[in-house]
Each structure stands twice: as C-alpha cells, then as structure tokens.
1. Quick one: is A:A19 in contact (Cβ under 8 Å) with a residue 12 or more places away in the chain, in contact with a strand residue (DSSP E or B) (Cβ under 9 Å, 6 or more places away or on another chain) and within 13 Å of chain B (Cβ to nearest Cβ)?
2. When A:T67 is evaluated against the numbered criteria (1) of a type in the set (S, T, Y); (2) touching a strand residue (DSSP E or B) at 6+ places or on another chain (Cβ under 6 Å); (3) surrounded by fewer than 18 Cβ atoms within 10 Å (Cβ to Cβ), which criterion, by number, is the only one it fails?
3. Pairs, please: C-beta under 8 Å, at least 6 apart or cross-chain, first residue on the phi > 0 side of the Ramachandran plot and in the stretch B:26-50, second assigned to a loop (DSSP other than H, G, I, E, B) and buried (at least 21 other Cβ atoms within 10 Å of the Cβ)?
4. Looking at (1) surrounded by 15 or more Cβ atoms within 10 Å (Cβ to Cβ); (2) within 12 Å of B:A31 (Cβ to Cβ); (3) out of contact with any Gly (no Cβ under 7 Å at 6 or more places or on another chain), which one does B:F104 not meet, given that it meets all the others?
5. I'd like the full set of residues that are part of a strand (DSSP E or B), over 10 Å from the mean Cα position of the chain (by Cα) and surrounded by 14 or more Cβ atoms within 10 Å (Cβ to Cβ), limited to the stretch B:30-54.
6. Kindly list, by first and then second residue, each pair from a residue in the stretch A:45-57 that is in contact (Cβ under 8 Å) with a residue 60 or more places away in the chain to a residue that is among the polar types (S, T, N, Q) and surrounded by 11 or more Cβ atoms within 10 Å (Cβ to Cβ), limited to pairs with Cβ atoms under 6 Å and residues at least 6 apart or on different chains.
7. Yes or no: the stretch B:41-49 includes at least one residue that is farther than 23 Å from A:R50 by Cα, within 11 Å of another protein chain (Cβ to nearest Cβ) and not β-branched (V, I, T).
8. Just to be sure before I move on: is B:G16 surrounded by fewer than 20 Cβ atoms within 10 Å (Cβ to Cβ), part of a loop (DSSP other than H, G, I, E, B) and within 14 Å of chain A (Cβ to nearest Cβ) in the structure I sent?
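No lab work stands behind these numbers, since they all come straight from the coordinates. These numbers come from a predicted model, not from an experiment. Here the Cβ positions follow ideal geometry from the backbone for every residue, glycine too, while neighbour counts run over all protein chains shown.
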Amino acid sequence: SQQGEEDPQALSIQEGENATMNCSYKTSINNLQWYRQNSGRGLVHLILIRSNEREKHSGRLRVTLDTSKKSSSLLITASRAADTASYFCAVAGNQFYFGTGTSLTVIP
Amino acid sequence: GAGVSQTPSNKVTEKGKYVELRCDPISGHTALYWYRQSLGQGPEFLIYFQGTGAADDSGLPNDRFFAVRPEGSVSTLKIQRTERGDSAVYLCASSLIKRDSEQFFGPGTRLTVL
C-alpha cells in the first residue's frame, strides 16, 4: 500500500484549544493536500501546499511542509465542536495517495 | 452539475453477484478517480481517468474490477463475482485538469456483500 502515515490516529481536545496532526510520506511530491471527512460523507478539500512552499495559511488552518523530512503538519487553531471530523493528508506526485487519517474530536 | 454525484448511495448484494456503481462528475472536469474506503482507513486509490482513457489503473485489486468512462463524463465501476471482502464505501472524485489538482468528492456508495 502506498498510504502515507498520520499521527496521532485519534485526538480529543476541548473547544478553543489548538489541534495539530502530522503526516509523513515516502515519495517525491508536487504538492501535498489536506482533506476533511465528516462521518458518513465524502471528503472535502481544505488546503494545498506546493513542494516549494514551507508554510501556508487559510483561515484557522496552518499547514507546514518539510520536504527534507518528508513530513507535513496541519494546525487548526481555536477549535470548534464543528471541527470534529477525520482529517487526511493526500500526497500528489507521480502517484496520488491518502494517509491513514486522524480522527479529531472537539469537546464543547 | 453542482457537485459529484454517485448512485446508488447504498447497495446490498449477495456473494458472487455482479454490481455496477455510477459516478457523475462535475461538468467540465476531465479527471475522474475511484477510491475504496474501509472503516477507519484512508481512501485507497483504484483507478484514474483522464478523459475517456484510464491513465492509471494500478490500484484495481484484481480482474474482477473494471471501470469505464466512454464519453469522458459519467463513469461506471463494475465488480464481477463479488466477495465479502469487497464490502466498503466506494468514493468517486473529479478534478478540473490533472491528477495533482484539488479533487472534489462524491458522497460515496456503500457496498455490502452478504
């Protein structure tokens, strides 16, 4: 399987706290993307960071990319109960594959 | 259309039967993807179309799985002689141009093989 690896597998935090999830991969990339999936639904694209970028922001989301370590992190600041979902990284290069996901629970 | 649609939303079949799953991508999107997702796992790539042709079918698990996109829009994933291990959510996605673009996902078809 070509899946990337994410950690933690599951994360539970209080509303208002920050959530950080990490993704590691093995291949060379053109870009790395993060997606969100609510239970029983399809995936929704959150943010894309290109291989020549190191950090990107979108609203309460902050993504970093370290191509030397083949890793990325997604930070959600000031979390809300509505952020409860599974989050997946997706590695785009010669192939396109998803990570194993982090299940985030934000407790009101 | 407004988004990617998939039909049926749920499919229950018996072991050994043939099933077809349909995907309607966003109008104008040339790239279309099929994934399979088991509970608690990330989506597993099956096949990628660019236009009418399968640009990468390396994820199809065996020759019981086949997909077509004859006119470059709607796609059908076909599974022959279904097995219980085929039970999963089958996701379809489309993107505007190429494989490393943002992908737009449908809600999925939940396949249960009894």
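1. Values: in contact (Cβ under 8 Å) with a residue 12 or more places away in the chain: yes; in contact with a strand residue (DSSP E or B) (Cβ under 9 Å, 6 or more places away or on another chain): yes; within 13 Å of chain B (Cβ to nearest Cβ): no.
So A:A19 does not fit the description; no.
2. A:T67 satisfies all of (1) of a type in the set (S, T, Y); (2) touching a strand residue (DSSP E or B) at 6+ places or on another chain (Cβ under 6 Å); (3) surrounded by fewer than 18 Cβ atoms within 10 Å (Cβ to Cβ) except (2).
3. Listed pairs, sorted by first residue: B:G40/A:G101.
4. Exception for B:F104: condition (3).
5. Taking the stretch B:30-54 as the starting set, the residues that turn out to be part of a strand (DSSP E or B) are B:31-37, B:44-50, B:53-54.
Checking which are over 10 Å from the mean Cα position of the chain (by Cα) leaves us with B:31, B:37, B:44, B:49-50, B:53-54.
B:A31, B:Q37, B:E44, B:F49, B:Q50, B:A54, listed by residue number.
6. none
7. Scanning the stretch B:41-49, I find at least one residue that is farther than 23 Å from A:R50 by Cα, within 11 Å of another protein chain (Cβ to nearest Cβ) and not β-branched (V, I, T), so the answer is yes.
8. Details: surrounded by fewer than 20 Cβ atoms within 10 Å (Cβ to Cβ): yes; part of a loop (DSSP other than H, G, I, E, B): yes; within 14 Å of chain A (Cβ to nearest Cβ): no.
The answer is no for B:G16.
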